[in-house]
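**Q** Pasting a structure below so you can have a look.
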Amino acid sequence: MRVPETSVLSDDLVRDLMAVGQVDVLVGVPTLNNAGTVTSVVRAVSAAFDQYFPRDRTLLLNSDGGSTDGTPDLVRGIRHDAGTVTVSHRLRTEHRISAPYHGLPGKGSALRQILTVADLTQARAVAVLDADVTTVTPEWIAALVRPVRDQQYDYVAPIYARHPTDGLLISQIVRPLMRAAYGWEVREPLAVEFGCSTRFLTHCLGQDIWTSELARYGMDLWITGEALSAGFRSCQAPLGQRLAPSSPDRPGFPDVFAQVVGSVFGCLDVHAAYWLSRTGSDPLPVVGAEFAAPSEPPVVDAARLTQTLATDLRELQDVLKTILRPETLAALNEAVAGDRLDYTDALWVATVGEFLIAHHRGIMSRDHITRALVPLYLGRVRSFLSQYSAAAPADVDAALESLCLEFERMKPGVVAAWRETVKR
Amino acid sequence: MFQMIADAINQAGVNFVDALVRLLPRMVTTITIIAVGWLIAIFLRGVVRITLGWFKVGPRVERVGLAASLKASGLPPAESLAGSIVFWLVWIGFLISGIDVLGFASLQGLVSEFAAFVPRLIVAIVIFVIGVVTANFVWRAALLAAVNSHAPSPRLLSGAAWWLILLVAGAMALEQIGVAQTIVMTAFAIAFGSLMLALAIAFGIGAGGVARRIVEHAFREPDRPDPDEVSHL
């Protein structure tokens, strides 16, 4: 076992890993006060090791950010077979380690520790899970690991079974923007769960990203973007429905929005050399059978959203006129002037594109730029839901596909503006 | 009698010519200093503009919101403004040095006073620029936070924060250059006190309902669902 000289691993963890030796499959679970949900995740991992990888050397690594609710003790203490029906018997020992991570607080440091351990133990396949999720099953782990172990994929992004009007921040900004930029049709670019190969994780560990701002909030997006832009063999794996209970400690929506959209824009900055010359988009292979999406749309009461957009727009004119082109701002003002808000695809795409360029140019604090987009996004959501909240899922899917294509049509203009900035 | 008058006039003429002879070289020196100073000031103005251009100060100034403030105040872009400030400081320095050479008793000591004033002026300018940058940043942050949290009157809140910071920065800058210190400090204290009193009255009595909504919004129970809850992620 080759121990790196400057290690992000503590001496205790290295000692534990020496005892473990090489592994075939490693599942990493970053945690921070997840006592309420981590048990079901750990049991699902144990069951997956038993059912799907009985002949493999396995390791469950819990990278903890300093939980005060006893999460690491829970991870260590859960019996392998408690609450699960074992249908096959393991031929090898399942190792389980819980260790605190060091460095900047955030998922980036936890991921770095997990990937470093995987590199050190020469794991053939790695899966990373979110400890918040209550619907993790052994099949999730199998779906993320098998394409890497058996089909030589380097990166596996998840596909969640959800109604097309669920996850609007993903479907209105993240997915279409990432698709238009990177040229790959990834259903869930914000991959909280993913699988990867040693080749890919070694590449990731070599990148100068782990101490940046992006590492705190944007690693899920960066991992996807890095796999696509660096040419690693990637695919998608259907996992099923993903449910995570809402936490009272969660940040407010504007903060979440700023983190997610700031991370997308940040990733595009990092990977500009790749995507500026990429044209069109190709589907990313799907490995495994897709799950049926829930037929019922999420309960939404968006009636209040429109009432505020006109006011918010009026209040933010001074900020928006430094970000948006005059014609875009005029079109926006016109869109909110009538009784019925019609925030069209073309106008929304122009808005996002101009915010992206403003973010790239850094015309003001980047956090302010992303926060100024919040009211516009809520207006767009309201406009979209007023048209599609009662529509059939197939119609919503068609509308989302049309939005993605609109983003692709916008790309040449954004590329030209981006290159113009570089010249300046 | 006539002889005395003629001698006096003659003496006055001699004195005038003597004075002129003594003053002429000084005047030539003064004009030379002023002219050379003007050329040096022009040169330094160019150097400052080019240097700031190299370091891309323009986009940075635009980023912190200072460019918009300069434009709104009818001032030139930051590089030109900095160049002009350097030009005038240098040229006024040479101008005063030149006048000092003439040796007028009432203008004695101007150079040393100006030399002592320049650092204070520079510090005052820096304080004010930092104040404007901070005010712009806080104004935007407050405006966005208020809009995104649906707080009432976002522009009023952010505008009040902007004026408050600018007022403090302006008072500090004026105090630094020693312009009517007592008046400035008294005016600042009265203005600041009035503003706070006005806000307290407006917030507590005039807009009690708004105050209650803001406090309720700030301290609402965390697990109460938002009325506009939408599945975003």
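A short reminder: the numbers here are calculations on the coordinates, not readings from a lab. What you are looking at is a predicted structure, and each value in this text was computed from that prediction instead of being measured. We place every Cβ from the backbone using ideal geometry, glycine too, and count neighbours over all the protein chains shown.
**Q** Inside 10 Å of the C-beta atoms of A:366-376, what's the mean count of C-beta atoms belonging to other chains?
**A** Per-residue shielding by partner chains comes out at 3.
**Q** Further, regarding this structure: So for chain A, averaging the separation of alpha carbon pairs under 8 Å that are six or more residues apart and normalising by length, what relative contact order in percent results?
**A** 16 percent
**Q** Assuming R0 = 51 Å, can you tell me the calculated FRET efficiency for the pair B:ILE190 and B:ILE31, based on Cβ-Cβ distance, to the nearest 0.05?
**A** After rounding, the FRET efficiency stands at 0.60.
**Q** Relative to the longest principal axis of the C-alpha atoms of chain A, give the angle of the C-alpha long axis of helix A:107-120, reported between 0 and 90° and rounded to the nearest 10°.
**A** 40 degrees
**Q** When the Cα centres of the stretch A:100-179 and the stretch A:238-258 are compared, how far apart do they sit, in Å?
**A** Taking the Cα centre of each part, the stretch A:100-179 and the stretch A:238-258 sit 15 Å apart.
**Q** Students often check this: by mean Cβ neighbours within 10 Å, which of A:310-322, A:123-135 ranks highest, and how do the rest follow?
**A** Packing order, densest peptide first, comes out as A:123-135, A:310-322.
**Q** Related question: Under the classification rounded if a/c is under 1.5, otherwise prolate if a/b is larger than b/c and oblate if not, where does the stretch B:110-219 fall, given a ≥ b ≥ c as square roots of the Cα gyration tensor eigenvalues?
**A** Here the stretch B:110-219 falls in the oblate category.
**Q** Could you list which residues have their amide H under 5 Å from that of A:ASN62, counting only those 5 or more apart in sequence or on another chain, with H placed in the peptide plane?
**A** Long-range HN contacts for A:ASN62: A:VAL29, A:ILE97, A:SER98, A:ALA99.
**Q** Quick check on the stretch A:303-423: take the gyration tensor over C-alpha atoms, sort the square-rooted eigenvalues as a ≥ b ≥ c, and tell me if it's rounded (a/c under 1.5), prolate or oblate.
**A** Since a/c reaches 1.5 but b/c is at least a/b, the shape of the stretch A:303-423 is classed as oblate.
**Q** Rank-order B:38-51, A:105-118 by packing density, defined as the average count of other C-beta atoms within 10 Å over each peptide's residues, highest first.
**A** Result, highest mean first: A:105-118, B:38-51.
**Q** Quick check on chain A: of the DSSP beta bridges with both residues there, what percent are antiparallel, nearest 5%?
**A** Antiparallel bridges: around 20 percent, rounded to the nearest 5.
**Q** For an R0 of 22 angstrom, estimate the FRET efficiency from the Cβ-Cβ distance between B:ARG63 and A:ARG216 and round to the nearest 0.05.
**A** In this case the efficiency is close to 0.50.
**Q** For the protein assembly as shown, how many pairs of lysine residues have a Cα-Cα distance under 26 Å, where the two are 8 or more positions apart or belong to different chains?
**A** Pairs that pass both the separation and distance tests number 8.
**Q** Determine the sum of side-chain charges near B:ARG140: Lys and Arg each +1, Asp and Glu each -1, restricted to other residues whose C-beta is under 11 angstrom from that of B:ARG140.
**A** Here the count lands on -1.
**Q** Enter the mean number of other protein chain beta carbons within 10 Å of the beta carbon of each residue in B:141-151, as an integer.
**A** 6
**Q** Measure nothing but the geometry: give the 0 to 90° angle between the long axis through the Cα atoms of A:219-229 and the longest principal axis through the Cα atoms of chain A, rounded to 10°.
**A** Between the helix axis and the principal axis of chain A, the angle is about 80 degrees.
**Q** Here's something else I'd like to know. Quote the convex hull volume per residue of the stretch B:1-108, based on C-alpha atoms, as a whole number of Å³.
**A** Taking only Cα atoms, the stretch B:1-108 has a hull volume of 128 Å³ per residue.
**Q** Could you work out the mean count of beta carbons from other protein chains within 10 Å of each residue's beta carbon in A:165-176?
**A** 2
**Q** Among B:8-20, A:159-171, A:265-277, how do they line up from the highest to the lowest mean number of other beta-carbon atoms within 10 Å?
**A** A:159-171, A:265-277, B:8-20
**Q** What's the angle, to the nearest 10 degrees (0 to 90), between helix A:253-270's Cα axis and the longest principal axis of chain A?
**A** Between the helix axis and the principal axis of chain A, the angle is about 80 degrees.
**Q** What percentages, rounded to whole numbers, describe P(r) for the protein assembly as shown computed over all alpha carbon pairs with 20 Å bin width beginning at zero?
**A** 15, 38, 28, 12, 5, 2, 0, 0
**Q** Determine the shape class of the stretch A:122-187: with a ≥ b ≥ c the square roots of the Cα gyration tensor eigenvalues, call it rounded for a/c under 1.5, and otherwise prolate if a/b is greater than b/c, oblate otherwise.
**A** Oblate shape, in that a/c is at least 1.5 and b/c is the bigger or equal ratio.
**Q** Now, a different point. From the helices alone, meaning DSSP H stretches of at least four residues, give me the mean residue ellipticity at 222 nm for chain A, per-run term -39500 (n - 2.57), in deg cm²/dmol to the nearest 500.
**A** The helix-only estimate for chain A comes to -15500 deg cm²/dmol at 222 nm.
**Q** Shifting gears a bit: Residues with amide H under 5 Å of A:PHE194's amide H, sequence separation 5 or more or different chain, H placed in the peptide plane at 1.01 Å from N; which?
**A** Placed amide hydrogens put A:VAL128 under 5 Å from A:PHE194.
**Q** Using amide H atoms built 1.01 Å from N in the peptide plane, name the residues 5+ places from A:TRP184, or on other chains, whose amide H lies under 5 Å from its own.
**A** A:ASP282
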